[in-house]
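Visitor: Please read through the structure below; I'll follow up with questions.
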Amino acid sequence: MAVPDTPHYHESLAVGDTLMGGRRPCIHWLPRGKERWIRDQRRAGSRIVAVELAEGAIPLPRLAPADRRTVVLLGNEQHGLPDAVVAEADDCVEIPMVGRGASLNVAVAGSLVLYRLAGLS
């Protein structure tokens, strides 16, 4: 998980630490802007996949499994990803939903996309 190195994220992750000092997830603290970090990942050969309801987004069932290192970009439930970040992605994927909801919990959305990228669906 890569997150900006700001007090907001340190506090949020501390509050959400359900492992209580046990095995810690891999967290990459980004010392500079996320846009720059994304560009660096692309230059290093990573595929960048944005998860967002956007014009031209690929429905999740049609997302090709990962064939190289892939970075998945997730926004929060209220605001999603900034348009500029989505525009820089190699692919934008949306999760088709039935009913009135327009958003999933970010952890659920991320899990579904990672499952698909792993070629398990």
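Read the figures in this text as sums done on the coordinates, not as results from a lab. Note that the coordinates shown come from a computational prediction; the quantities given were computed from them, not determined experimentally. As a convention, Cβ positions derive from the backbone with ideal geometry for all residues, glycine included, and neighbour counts pool all protein chains shown.
Visitor: What's the longest uninterrupted piece of the chain once you rule out the GluC sites (Glu not before Pro) that are loop residues per DSSP with at most 14 other Cβ within 10 Å?
Guide: By the stated rule (loop sites, at most 14 other Cβ atoms within 10 Å), 1-54.
Visitor: In a Gaussian network model over the chain where Cα atoms closer than 10 Å are linked, find which of G99, G75, G56 has the largest mean-square fluctuation.
Guide: Per the Cα network of the chain with a 10 Å cutoff, G99 tops the list.
Visitor: Where in the chain is the longest stretch that carries no trypsin sites (Lys or Arg not before Pro) classed as loop by DSSP and with at most 15 other Cβ atoms within 10 Å?
Guide: Maximal segment without exposed cleavage sites: 33-67.
Visitor: Full-extension gain between D91 and A118, please, as 0.36 nm times their residue separation minus the C-alpha to C-alpha distance.
Guide: In short, 8.1 nm is gained.
Visitor: Averaged across orientations, what area in nm² does the convex hull of the alpha carbons in the chain project?
Guide: So the mean shadow area of the Cα hull is 8.6 nm².
Visitor: At 222 nm, what helix-only mean residue ellipticity would the chain give, in deg cm²/dmol to the nearest 500, using -39500 (n - 2.57) for each DSSP H run of four or more?
Guide: Value at 222 nm, helices only: -8500 deg cm²/dmol.
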